[in-house]
1. Tell me, 86, 128, 149, 97 in order of fewest to most beta-carbon neighbours within 10 Å?
2. Residue 87 to residue 154: extension gain in nm, 0.36 nm per residue of separation minus the Cα-Cα distance?
3. Roughly how many nanometres apart are two label points built 7 Å out from the Cα toward the Cβ at residue 79 and residue 104?
4. R0 = 22 Å: FRET efficiency of residue 94 with residue 180, Cβ-based, nearest 0.05?
5. Which of 175, 111, 140 comes first, and how do the rest follow, when ranked by fewest Cβ neighbours within 10 Å?
6. At what distance in nm do the modelled label points of residue 195 and residue 170 sit from each other, each positioned 7 Å from its Cα along Cα→Cβ?
7. Starting from the Cα gyration tensor of region 103-221, take the square roots of the eigenvalues, sort them a ≥ b ≥ c, and report rounded, prolate or oblate (rounded when a/c is under 1.5, otherwise prolate if a/b is larger than b/c, else oblate).
8. If R0 is 22 Å, what FRET efficiency do you get for residue 118 and residue 212 from their C-beta distance, rounded to 0.05?
């Protein structure tokens with residue numbers, strides 16, 4: 001997404017591509033049961049048949065739908081993402097300090113919380129858009145119900161959407177976003193904006209660096 005063509009491949013096609021010669025110009029990246037294959041400007045995503053219910057919880061195409069997709073029993077935390085501290089100054093002046101995964105690259109933003117059933121003690125995932133862009137999220141076969149919150153280039157709150165997984169048989173999954181360019185967006189487990197007191201008047205500061213998860217808080221978030 002974000003200007004790159006994305007295709008979903010079945011396991012049979014994956015088997016053929018996975019054995020392609022280097023001359024094919026194909027780059028293969030494996031993330032557990034997800035395989036990302038890249039040829040020039042085309043991203044080819046292949047998902048193991050046992051994880052047929054999983055796909056991006058984000059991207060230019062990820063959020064509240066009336067149905068909920070079936071979810072497998074697989075338990076998976078995000079893999080291959082850096083982490084960073086994010087601070088949110090609420091409208092009343094109080095500050096909430098969060099520790100989140102970070103999605104910066106197009107590949108990371110395509111994956112997002114795809115296939116994730118456990119945030120492993122982190123508060124969510126922050127998407128960084130540099131430069132700011134219109135960032136519409138979708139929930140195609142995402143395992144977790146999420147809340148997305150968007151912020152502008154000055155860190156100002158733009159809005160939030162509760163986002164349920166989009167069923168397999170729904171061909172036109174809703175897209176969610178503020179409808180104007182955003183510099184960052186944060187995906188929480190459903191209701192995270194209310195739990196952390198993030199709403200109108202809030203300002204986000206992306207601190208960066210790295211941070212440690214809080215397993216005690218994971219039980220309630």
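Every number here is computed from the coordinates shown, using simple stated rules; none is lab data. All values reported here derive from a predicted model rather than from experimental measurement. Quick reminder, even Gly has a Cβ in these numbers, built from the backbone with ideal geometry, and neighbours come from all protein chains shown.
1. Going from sparsest to densest Cβ surroundings: 97, 128, 86, 149.
2. Values: separation 67, 0.36 × 67 = 24.12 nm, distance 1.33 nm.
Stretched out fully, the residue 87 to residue 154 stretch lengthens by 22.8 nm.
3. If labels sit at residue 79 and residue 104, their model points lie 2.2 nm apart.
4. Values: r = 27 Å, r/R0 = 1.22.
Efficiency, from the Cβ-Cβ distance: 0.25.
5. So the ranking, lowest neighbour count to highest, is 175, 140, 111.
6. Between residue 195 and residue 170, the simple spin-label model gives 2.2 nm.
7. Rounded shape, in that the Cα axes give a/c under 1.5.
8. Values: r = 16 Å, r/R0 = 0.74.
Computed FRET efficiency for residue 118 and residue 212: 0.85.
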